Structures are given as structure tokens and as C-alpha cells.
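Input: a single structure, listed below in C-alpha cells.
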Amino acid sequence: MEANRYNAHKNLNIYWSVFDEVTGQKAVINGFVMDMLTAEQAEELVGALNREIDQEFLLAA
């Protein structure tokens, strides 16, 4: 199984960021940096982004 492209990383405080592991940068969606998220928000977003990538791969096959 292939590694996930997006992962959640804990900041120094109580918040989380979503990182694009391919670029090594924080994910940006609609011009907004995915930072300062709660743990729940970050995990939901990571799941949604990785599912989207998987679906695109399956449709292209």
C-alpha cells in the first residue's frame, strides 16, 4: 500500500497543521493554509484529501 500524501502534524501549541508530504509544505485549499486546526478537524481533512487522491487514481486506471 502506498503512503498517504497528506498527514497531520502537531504544532508547538494545541493546534494541528495538514502537510502535503510530496511538497513538504502545509496544504493550501482555496487559498487558505491548513493550519491552526483542532485534532479532529485535521484528521477529517487528512482523510478527505487522501480519499480524493485515491479516487483520482482509481478513475485514471
query = Across the range 1-30, which residue is most open to solvent (accessible area, probe 1.4 Å) among those that are polar (S, T, N, Q) and outside any loop (DSSP other than H, G, I, E, B)?
reply = 25
message = Suppose we filter the range 1-42 for residues that are small (Gly, Ala, Ser) and over 9 Å from the mean Cα position of the chain (by Cα); how many remain?
response = 4
request  = Using the structure shown, decide if residue 33 is among the β-branched types (Val, Ile, Thr) and either crowded, with 16+ Cβ neighbours inside 10 Å or touching a Phe, Trp or Tyr at 6+ places or on another chain (Cβ under 9 Å) (or both).
outcome  = no
note = So, first residue free of Cβ contacts under 8 Å to residues at least 12 places away in the same chain in the range 21-32, second residue of a type in the set (Ser, Thr, Tyr) and assigned to a strand (DSSP E or B), Cβ within less than 8 Å, six or more apart or across chains; the pairs are 26/17
request  = Any residue in the range 40-51 that's within 17 Å of residue 11 (Cβ to Cβ) and in contact (Cβ under 8 Å) with a residue 12 or more places away in the chain: show its pairings with residues that are open to solvent by less than 40 Å² (accessible area, probe 1.4 Å) and of a type in the set (Val, Ile, Thr) at Cβ separation under 6 Å, as long as the two are six or more apart or on different chains.
outcome  = 42/18; 45/18; 46/18
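The values are calculated or read from the model by the stated rules, or taken from the named source; none is laboratory data. The structure displayed is predicted, hence computed values, not measured ones. When we count neighbours, we look across all protein chains shown, and the Cβ atoms used for this are built from the backbone with ideal geometry, even at glycine. Accessible surface is based on the protein model in full, side chains and every heavy atom, while ligands, DNA and RNA are left aside. Shrake-Rupley method; radii C 1.70, N 1.55, O 1.52, S 1.80 Å.
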